[in-house]
Number of protein chains: 2
Amino acid sequence: FFLFATKPKITKNPQITVELLRHLRQAMKNSKYITEPIQAYIVPSGDAHQSEYIAPCDCRHEFICGFNGSAGTAIVTEQHAALWTDGRYFLQASQQMDNNWTLMKMGLKETPSQEEWLISVLPENSKVGVDPWIIAADQWKNMSKALSNAGHSLVAVQDNLIDAIWEDRPPRPSTKLIDLGLKYNGLTWQDKVTALRGKMAERKVSWFVVTALDEIAWLFNLRGSDIEYNPVFFAYAIIGISNIKLFVDSKRLLHPAVQEHLELDSPSKPELTIQCFPYESVYTELQAVCAALAPKEKMWICDKASCALTRVIPKAHRSAIPYTPLCLAKAVKNPTEIQGMKMAHIKDAVALCELFAWLEKEIPKGTVTEISVADKAEELRSQQKDFVGLSFPTISSVGPNGAIIHYRPLPETNRTLSLNEVYLIDSGAQYLDGTTDVTRTVHFGTPSDYEKECFTYVLKGHIAVSAAVFPNGTKGHLLDSFARASLWDSGLDYLHGTGHGVGCFLNVHEGPCGISYKTFADEPLEAGMIVSDEPGYYEDGSFGIRLENVVLVIPAKTKYNYRNRGSLTFEPLTLVPIQLKMINTDLLTQKERDWVNDYHRKCREAVGAELERQGRKVALDWLIRETLPIV
Amino acid sequence: FFLFATKPKITKNPQITVELLRHLRQAMKNSKYITEPIQAYIVPSGDAHQSEYIAPCDCRHEFICGFNGSAGTAIVTEQHAALWTDGRYFLQASQQMDNNWTLMKMGLKETPSQEEWLISVLPENSKVGVDPWIIAADQWKNMSKALSNAGHSLVAVQDNLIDAIWEDRPPRPSTKLIDLGLKYNGLTWQDKVTALRGKMAERKVSWFVVTALDEIAWLFNLRGSDIEYNPVFFAYAIIGISNIKLFVDSKRLLHPAVQEHLELDSPSKPELTIQCFPYESVYTELQAVCAALAPKEKMWICDKASCALTRVIPKAHRSAIPYTPLCLAKAVKNPTEIQGMKMAHIKDAVALCELFAWLEKEIPKGTVTEISVADKAEELRSQQKDFVGLSFPTISSVGPNGAIIHYRPLPETNRTLSLNEVYLIDSGAQYLDGTTDVTRTVHFGTPSDYEKECFTYVLKGHIAVSAAVFPNGTKGHLLDSFARASLWDSGLDYLHGTGHGVGCFLNVHEGPCGISYKTFADEPLEAGMIVSDEPGYYEDGSFGIRLENVVLVIPAKTKYNYRNRGSLTFEPLTLVPIQLKMINTDLLTQKERDWVNDYHRKCREAVGAELERQGRKVALDWLIRETLPIV
């Protein structure tokens, strides 16, 4: 699963949109919120933590324009209302928005950037407002510069104007916090704080403002369920060389297990004493910390943190970094986490073997739909030990729906699985011991030669990445073309990246590594990192193919060892058979055939043993049949 | 040839260095040059045009520290003198500099950046001086920011302090300008100016300050010989929608052919009238243009242009661009230029076939050295039609010298060619019709299995790039890993990029395209662009291998055509046999064997015909023998 989620579509109602826009435009002139009227208001997607998935109370662009894809920026002026989104969402946005809104298709040459558009429609000397908590510091900087070059100005509007007109806005979630224990974490939060302080001391930094929710969850070995699919909780943290300040709804800390876990009553060491503050007080507390800084003291904050919080730190003290040390530390999984991820993937494979065996039996009846498979997959996963929930909404797509890369089945698009069409399922789950994300593309009848040909190119790309050997220090983006070479040879391609970092019982998408031609600023791959490998091919209007494993970066043995740098390669954690029926084996090299057979042998051994243990005979038979060697 | 040139070594003389540093430090306090004393002075490499190769009058870091590699920044404080250079030059710099200078090895973890070092050694509130004509605007910005964050300031010193103490500094060259004529250029300068203005109008830009010497040479269809190896001349240009201002030593325009070419007396159209100004008056003339700008008028300047010139343009009018439209237009060769490049490469191959045939005969005599081969190669090239000179200093290296990537033979390092060692020659020439750059690695006796193995991996990488098929719009850096995959598989690698843009009777290195993991900001490859493909492998202390062709980007025919994007591939322009003796054919796939045979067939056809025409029988026999098919 490379892309973002969508939620069920809102029924269009232009009357409602007109009303909402009228209210918003009134707020843009209302001295209750702003000192001087603003001529435009920007509604970025995301929350105050720049989360990819957001809680209902933060779905502001959905509220105002109806479009609920994860990436979209709405801008409302006195005359216009426009939404910018990227290629994944052109169709969805055009379906969800009414004609009070203009869709701005990002990435097309004729589409103006937000800045260009604003400059073209605004009267001279305009003020453009934005909530400084929702816009990241680096985005603010770019937008502000472009506007001021054109004689306008970007102003921070402290009250969010969408919230101001959103009558039934849901409250911010405050779910129960759980302490996983060392058995799952491998490291205590105290050790993590100490290691972090080591990094801070190394770079002579005395404070670090933690704003990303998964970094806070990882650091304190706590999980929540404030945001669907992501086991995180709303919080901030400010870590000093001898202070730990945690900002979280205080009710959540009342539970004795959490109190004990965080040693709130009896800290083992003074420098490991956690001071707790209400979530909302991070701003004033950060002001207080900054006021007491010595002249040369430095404070780290991610350059993707909110503009509001970033600007509290005086420039002379601020060190804005693209990836935080926690982001990096979290990406390199420790042995306990690796073991947990392996177990989670075996359990996940058990559920999928069951699913595919069940599908083979049920599809001929003509009653299986995209939605019912997604439900069945969730049901089967939920039978596995330590299951918590899905890690993202299941992409279950038949035939032409498979070509919509970010598709999620909805009642009005739901298709029935048949013996005649390609079926693509991209799904994953959160278990206490790990996070999974797997895509398989299968055919239950006889695939066409063309479908097989395309599938085989995708498989060749998948193998090229999975079996790649590369020097220590290589960045993942340098492997992206390996996944495409065989498609390119035939004039084919896919328009998404090849892989993303995967958290361990955390977000299914995490930085700072990935495999994508789109990024250059990714950090080098290291042994212990976990990423996805998911090339695809999408034929608009007929089918979609994607083949995704989660893979672990491991040391590689090589014949030579240039400059003692050492080499790396990948070990698949996902262990679900690749449908042999879809492969044109003539197109594979001997090395590729060996890879497939070796992979299937591993699936049979690891997953077969677990299926046997769980007494799942039908799925075991299916697994054995699906993992026969190819020649 | 991927890297930069070196010149013969200066004999170290610490007494001279001490004197020079004393003079420079005096100048740093001399109110004749500066209003307040400066505590450090930065000497960047390069000239006022940020040229890669520089004229003797601009070799300032060489004058002050003795090191003459092309890339190096010297910084002198009251107490210290240090030079930063990269991995290519560590050895050379340590040999050329005496102990009055500290070598700062860039790219090593322990090496401080120039900013870090300055901050660590300077007293509080220091002033750091630099010549604003030599430092690029983007470099100034970074340096200035880092210094001011630490309480220091970067100040522009208008008089260059090195020039001030350089008694016998050579004058700026002012060589004869030549007009190549349409037969070589394919487009008149008038058409080029008109096309440029089209791009300016498209982006609503009314002025463009041209500072790169190759852009000026290309735009006006003129060549000079102010800088060795690069057929350019010192000039600036300011192009307006209805103005053309050329800044060049006025003596150079007296020649009737140049007058006629530029239509100085009788312009065909008013907007194609060239106003000529002395080279030095660009600053004041740009000030005048800027003073007359209408409020919203925009002016383009490359962000690599000098700080001095960039800052003349008020920020509100300045549009700093990473690649200028001329850089892009120049990179896409027109049919005349492509035809010229093909011819130049055939002539160049004739010279190299002669050379290799001669070497086979001469080496057993034991009198052939690295330097004598370089001289012989130049002699043979100079016999070809329209030869102008070399395009860079020949890298001629035997055995361990081949592992020094930027090696250039000097009398004290000169080795004799033998039947026992690998020989690497990277060389090229300027012809009126094109520029060449080719590397071959050969053995005149029996190469070891290991040498053959490494050579074959490099060959596989070369073929992987050369035969790659990729979609229109792909950036060259995405192809870099293809060149490394087979080396990586065995734990090997090389530490330079894989390819650079090549000019047409212009600089052998040009932007905005290339094939390198180091860049992300390269422009997409387009049909008509010309780049090098030159993977290598270097075994310190024993041998170096590199295999380089210049290749033309051409449309590729593919089975399918995803989204009608079209595909591209490469056609080798270089047509010099690859030594079969060095290949372990067992390591090649059938496709790779076919590529080698197909390539050699082309060499035989195109170069064979020319050898025959020139009556070079011995070389023809050699060519035929060296292009026998492999199985």
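No value in this document is a laboratory result; all are computed from the given coordinates. The structure presented is a predicted model; accordingly, all values stated were derived computationally and were not measured. Glycine gets a Cβ as well: all are built from the backbone with ideal geometry, and neighbour counts include every protein chain shown.
Projecting the Cα atoms of B:ALA291, B:VAL596, A:HIS462 onto the charge dipole of the protein assembly as shown, computed from C-beta unit charges around the Cα centre, puts B:ALA291 farthest toward the positive end.
With the simple spin-label model, which puts each label point 7 Å out from Cα in the Cβ direction, the B:LYS141 to B:GLU36 separation comes to 2.6 nm. Across the options B:GLY476, A:THR324, A:SER242, the greatest Cα extent toward the positive end of the charge dipole of the protein assembly as shown (unit charges at beta carbon of Lys, Arg, Asp, Glu) belongs to A:SER242. In the distance distribution for the protein assembly as shown, Cα-Cα pairs more than 61 Å apart total 16 percent. Simple point charges give the picture: +1 on the Cβ of Lys and Arg, -1 on the Cβ of Asp and Glu, and for segment A:178-330 a dipole about the Cα centre of about 660 debye.
Converting the Cα gyration tensor eigenvalues of segment A:453-578 into ellipsoid dimensions via √(5λ) gives semi-axes, longest first, of 24, 17, 14 Å. What the phi angles of segment B:577-589 give under the Karplus curve with 6.51, -1.76 and 1.60, with θ = phi - 60°, is a coupling list of x, 9, 4, 5, 4, 7, 8, 8, 5, 4, 7, 8, 7 Hz, glycine and proline written as x. The calculated FRET efficiency for the pair B:ALA521 and B:ILE241, based on their C-beta separation and a Förster distance of 25 Å, comes to about 0.35.
Full extension of the chain between A:LEU419 and A:ASP598 gives 61.6 nm of extra length, using 0.36 nm per residue less the Cα-Cα distance.
The charge dipole of segment A:99-196, taken about its Cα centre with unit charges on the Cβ of Lys, Arg, Asp and Glu (plus for the first two, minus for the last two), comes to roughly 360 debye. The mean sequence separation of alpha-carbon pairs under 8 Å and at least six residues apart, normalised by the residue count of chain A, gives a relative contact order of 11 percent.
Near A:ILE75, once Lys and Arg are set to +1 and Asp and Glu to -1 for all other residues with Cβ below 12 Å from its Cβ, the sum equals -3. The convex hull built on the alpha-carbon positions of segment A:17-156 has an orientation-averaged projected area of 8.2 nm².
Helices assigned as whole DSSP H runs in chain B whose Cα atoms extend at least 24 Å along their own long axis and whose mean Kyte-Doolittle hydropathy is -1.0 or higher are found at B:335-362, B:449-466. With the largest listed first and rounded to whole Å, the semi-axes of the equivalent ellipsoid of segment A:178-330 from the Cα gyration tensor are 24, 17, 16. In straight-distance terms, cross-link reach from A:LYS365 covers every one of the aspartates and glutamates whose alpha-carbon lies under 16 Å from its own, apart from those fewer than eight places away in the same chain; here that gives A:GLU421. Only Lys, Arg, Asp and Glu carry charge here, each on its Cβ (+1 for the first two, -1 for the last two); on that basis the protein assembly as shown has a dipole of about 540 debye about its Cα centre. Taking amide H as placed 1.01 Å from N in the peptide plane, the amide H of A:GLY389 sits under 5 Å from that of A:GLN430, each at least 5 places away or on another chain.
Its Cα gyration tensor gives segment A:332-626 an equivalent ellipsoid; the semi-axes, largest first and in whole Å, are 28, 22, 18. What is the distance in Å between the Cα centroid of segment A:569-631 and that of segment B:178-194? Centre-to-centre distance over Cα atoms comes out at 63 Å.
How many angstrom lie between the C-alpha centres of segment A:478-548 and segment A:114-164? Centre-to-centre distance over Cα atoms comes out at 33 Å.
Beta carbons within 10 angstrom, averaged per residue: use that to sort the peptides A:575-581, B:251-257, B:95-101, highest first.
Listed from highest to lowest mean packing, they are A:575-581, B:95-101, B:251-257.
Within straight-line reach of A:LYS176, meaning a Cα separation under 14 Å, sit the following aspartates and glutamates at least 8 residues removed in sequence or on another chain: A:ASP226, A:GLU228, A:ASP249.
For chain B, adding -39500 (n - 2.57) for each run of n ≥ 4 DSSP H residues and dividing by the number of residues yields -10000 deg cm²/dmol at 222 nm. Measuring between alpha carbons in the structure, the pairs from B:LYS347/B:LYS617; A:LYS109/B:LYS330; A:LYS518/B:LYS475; A:LYS145/A:LYS315; A:LYS145/A:LYS296; B:LYS475/B:LYS518 lying more than 21 angstrom apart are A:LYS109/B:LYS330; A:LYS145/A:LYS296.
Under 20 Å of direct C-alpha separation, and excluding same-chain neighbours fewer than eight residues apart, B:LYS452 reaches these lysines: A:LYS559, B:LYS460, B:LYS581, B:LYS591.
One quarter of the convex hull surface built on the alpha carbon atoms of chain A amounts to 29.8 nm², the projected area averaged over directions.
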